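Read-outs: derived from the displayed coordinates by stated rules, not from any lab. All values derive from a computational prediction rather than experimental measurement. Heads up, the Cβs are rebuilt from the backbone with ideal geometry, glycines too, and the neighbour counts pull from every protein chain shown.
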Amino acid sequence: MMVMQERVIVALTGACLLCSGLLAARPAQAAFGFIFSESGGSVVGTGSGSLQLDPLQFVETLSAGAPGLNPSSGSFLGGDGTGELALYMGDVGASGFGPGPASPVPTTTGAGLGIVPFAPGFFYLAVPATYVSGTPLTATMTFPGATFASLGITPGAYAWHWSSGPGATDFLLLQFGTDASAVPGPSSAPLLAAGLLGLSAAARRRRLPPA
């Protein structure tokens, strides 16, 4: 039994060291998450994070349009519909997030940012024209009297992502509901390492005699 416990501890410690090494080697990443829930008879979305634009190809600057969601086309836009947006080209992302058509115009605050697909497998990322890459963004979007079903949204997690350098990926995430298991975020590795460290400590406590 003692030999088996030693082997478990050695294996867990090795896994922890491996995770630590991977984390230390991981380049800096950015991500923006827009989390939507059904609350108080409305669909409410709150977004925060940052986006790394340096790897993306700038396309053009244009006037912002009306905010909203279009689940069937996989497009959305936040902000208040004023000002200018800068478009950048990306090439990996969700093709849609439900069967619904264009939504009613929501109540919004914060940054005008969004996703506009333009061909299979390609999309435009829209951000405020004055946005500085890597700096914080926040936004909210509320659809009074709506549900996911009435908007034609299929609950789940949907991401649009792009390479930001060797071994690094940045992304924009839309999450409808509480289950984001389909799109693990950059925090997965730290959680795994913490879990393994906890298991290792617990195993060591079990084998040590009481003082």
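Distant-in-sequence amide contacts of T154, defined by a placed amide H-H separation under 5 Å and a gap of 5 or more residues or a different chain, comprise G98. If only the Cβ of Lys and Arg carry +1 and only the Cβ of Asp and Glu carry -1, the dipole of segment 29-183 around its Cα centre is close to 160 debye. Under 5 Å between amide H atoms, partner at least 5 residues away or on a different chain: which partners does V43 have, H built in plane at 1.01 Å? Sorted by chain and number, the residues that satisfy this are F143, G145, A146.
In this structure, the amide hydrogen of A129, modeled 1.01 Å from its nitrogen in the peptide plane, lies closer than 5 angstrom to those of E84, L85, A86, counting only residues at least 5 positions away or on a different chain.
Note on segment 29-183: Cα-only Rg and Dmax are 14.3, 45 Å. The simple Förster model, with R0 at 25 Å and r as the Cβ-Cβ distance, assigns T61 and V92 a FRET efficiency of 0.60.
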